[in-house]
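For reference, the structure discussed in these notes is given below.
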Amino acid sequence: MKQEWWHRLTVYQIYTRSFYDSNGDGIGDFEGILQKLDYLEELGVGAIWLSPFNDSPNYDNGYDVSDYYKVIEEFGTMKKLETLIEACKKRGIVVMMDLVLNHSSHLHPWFLEARKNQNSKYHDFYIWEEGTKDQPPEGGNAFFGGNTWEWVPEVQQYYYHSFSVQQPDLNWKNPSMRKELYQMIRFWIEKGIRGFRLDAIDNIVKDGHGGNDTHAEQIHTYLREMNQNSFGTADKILTVGETGGATVPMAQKYSAPESQELSMIFQFDLMGIDGIRSGKWDPKEYNLPQLKKTFEKWQMGLAETGWNSLFWGNHDYPRAVSRFGDDREEYREKSAKMLAVLLHGMKGTPYIYQGEEIGMTNVKDLRIEDCKDIESVHFARDRRAEGWEEEKIQRYLQRNSRDHARTPMQWNAKEHAGFTQGTPWIVENKNYTEINVENCRKNPDSLFYFYKKLIALRKEKDTLVYGDFHLIEEENLRIFAYERNWKDKKLVVLCNFSDQEAQMKAKYDLTKGQILIHNDAANLEKEVWKLQPYEACMVEI
């Protein structure tokens, strides 16, 4: 496998709106990120992925772009962004931009012209179908609720939207539209952006029946064209595509260097394992062997061709420790360390979502009226229309809402978690007095320093970066164990996924190995691997 410059780095995702507010308006901004760069540098991350910062009316918090060449005023100015990019460059940190290319805002000048006149050149920048006001074209439900088609009386046609009515889908069949996007990407590369996350990129091809064809070969054709006309022409550009419909063969093709498409992708097999935010958000049971199989599928599938991204969550999912770990006070930090060991021991590029490194949790007793996310708001609206009781709606939001991930970053125990001196745009999690950066940095055994060590290990150990992957005792219901092998080195990772002591027969004598990282003081035994609740370790032998 060809070794790439980005294979050893760890990416930190910043949801700018909720990271740090420098001017007291309750909204995070570029200056806020600048003021916290020392923190990110200390953590050791090699790249920061910024949530969308293009100009936007914010119906979907920036994922509805009204001007691809402007930055949204509430985050700051273009000059301030340029200052941030340069400051990151001096620290050896790559700045990644979140690109929304499947759709624009309904307030983008292209769409404002498109909806006026069928003869406008911008009309064909979007997807239109004939119909009558009372009879929309064939189609299903949009991701954020309602029909995928919206009537425009000015042109007596419907436009297509995969997400909300404020997010009309772009027509990728139009070469002029594609050319505009590629030109825009080159603009941001010239500004110093060295990474791109491509939002919902496998939705850009339509199935002809009012839906998206996420398995279409044409997606690859478009991505190769994009590569050849934008980031592929520049030096050292990191790209990751959000491809929820990807299969292993598709992922290989997306991320194989010879394909000249993307560096890596986000696939969502793990994200769908428990039913979170899928369909009508109904819970789905799973066990540890199923979780192991999910990881194994992608570790083995991209072992020789392509590259994995590794993540427990992001801005679109509830908090990782509440979802996959145990956020009870007794086990929160220990289970969070266990999750970190499991993920960062695997092959691929790890992504840390802001607050994950201090163990931020879901909001306890999330109130419907506190939800800001368009998906959560529409879910409550639609379920009320179906006759659901408020208690049931609240229960589903408590488990599934994206708002859990979007509460303000918890910097200290001061008012509003030290995020702002004003009123935060979204209510903070009330556990900030205990769970915050300041407390973590005072404690050398904290989750923050644990993450710092894992990030450093990836820079040092070839086995972590390039070693092969093999499960150990895959049917064990409590212990997730695997090994990584590279040349004459072997790493063994053991993780107890339960709040009870667990054990398995030892495959190797770890007492002779070097413990690289461990979240417990218990001694490893020679013949039986006994693990305390949520104990995790990584041993080199």
- Message: Quick test of your reading of the structure: Asp403 fulfils all but one of (1) in contact with a Phe, Trp or Tyr (Cβ under 6 Å, 6 or more places away or on another chain); (2) within 29 Å of Asp274 (Cα to Cα). Name the failing condition by number.
- Response: (1)
- What residue, among those in region 148-188 that are of a type in the set (A, V, I, L, M, F, W, C) and in contact with a Ser or Thr (Cβ under 7 Å, 6 or more places away or on another chain), is nearest to Leu262 (Cα to Cα)? Ile185
- Tally time: how many residues in region 205-230 are open to solvent by less than 60 Å² (accessible area, probe 1.4 Å) and over 13 Å from Tyr254 (Cβ atoms)? 8
- Message: Among the numbered criteria (1) loosely packed, with under 14 Cβ neighbours inside 10 Å; (2) at pLDDT 95 or above; (3) of a type outside the set (Asp, Glu), which one does Lys526 miss?
- Response: (2)
- Message: Considering only residues that are touching a His at 6+ places or on another chain (Cβ under 9 Å) and either over 20 Å from Gln166 (Cα atoms) or assigned to a loop (DSSP other than H, G, I, E, B) (or both), which ones fall in region 86-113?
- Response: His106
- Message: Which of the numbered conditions does Ala246 fail, given that it passes all the others? Conditions: (1) among the hydrophobic types (A, V, I, L, M, F, W, C); (2) crowded, with 20+ Cβ neighbours inside 10 Å; (3) out of contact with any helix residue (DSSP H, G or I) (no Cβ under 8 Å at 6 or more places or on another chain).
- Response: (3)
- Taking region 141-162, which residues are open to solvent by 30 Å² or more (accessible area, probe 1.4 Å) and not in a strand (DSSP E or B)? Phe143, Gly146, Pro153, Glu154, Gln156
- Task: Residue by residue through region 251-266, note down the ones that are open to solvent by less than 30 Å² (accessible area, probe 1.4 Å) and touching a residue at least 40 places away in the same chain (Cβ under 8 Å).
- Result: Ala251, Tyr254, Ser255, Ala256, Glu261, Leu262, Ser263, Met264, Ile265, Phe266
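Out of region 521-541, which residues are closer than 15 Å to Ser335 by Cβ, touching a residue at least 40 places away in the same chain (Cβ under 8 Å) and not in a strand (DSSP E or B)?
Matches in region 521-541: Pro533, Tyr534, Glu535.
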- Of Glu375, Glu391, the only residue that is open to solvent by 10 Å² or more (accessible area, probe 1.4 Å), in a helix (DSSP H, G or I) and modelled with pLDDT of 95 or more is Glu391
- Message: Anything in region 263-312 that is more than 19 Å from Leu464 (Cβ to Cβ) and in contact with a Pro (Cβ under 6 Å, 6 or more places away or on another chain)? List them, or say none.
- Response: Gly275
- Query: Pick from Lys173, Lys116, Lys121, Lys179: which is among the charged types (D, E, K, R), closer than 25 Å to Met97 by Cα, open to solvent by 10 Å² or more (accessible area, probe 1.4 Å) and part of a loop (DSSP other than H, G, I, E, B)?
  - Reply: Lys173
- Item | Qualifying positions in region 7-16 - β-branched (Val, Ile, Thr) and either assigned to a loop (DSSP other than H, G, I, E, B) or at pLDDT below 95 (or both) | Thr10
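Being closer than 30 Å to Gly306 by Cβ and either of a type in the set (Asp, Glu) or not in a loop (DSSP other than H, G, I, E, B) (or both) narrows it down to one of Glu42, Glu4, so name that one.
Glu4
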- Mind counting the residues in region 357-372 that are within 23 Å of Trp312 (Cβ to Cβ), open to solvent by 20 Å² or more (accessible area, probe 1.4 Å) and among the β-branched types (Val, Ile, Thr)? 1
- Task: Taking Ala380 as meeting all but one of (1) in a loop (DSSP other than H, G, I, E, B); (2) closer than 24 Å to Met271 by Cβ, write down the number of the exception.
- Result: (1)
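The values are calculated or read from the model by the stated rules, or taken from the named source; none is laboratory data. Being a predicted model, the structure only gives us computed values, none of them experimental. Counting neighbours? That spans all protein chains shown, and the Cβs are built from the backbone with ideal geometry, glycine included. Quick note on the areas: whole protein, heavy atoms, side chains included, nothing else; ligands and nucleic acids left out. Shrake-Rupley method; radii C 1.70, N 1.55, O 1.52, S 1.80 Å.
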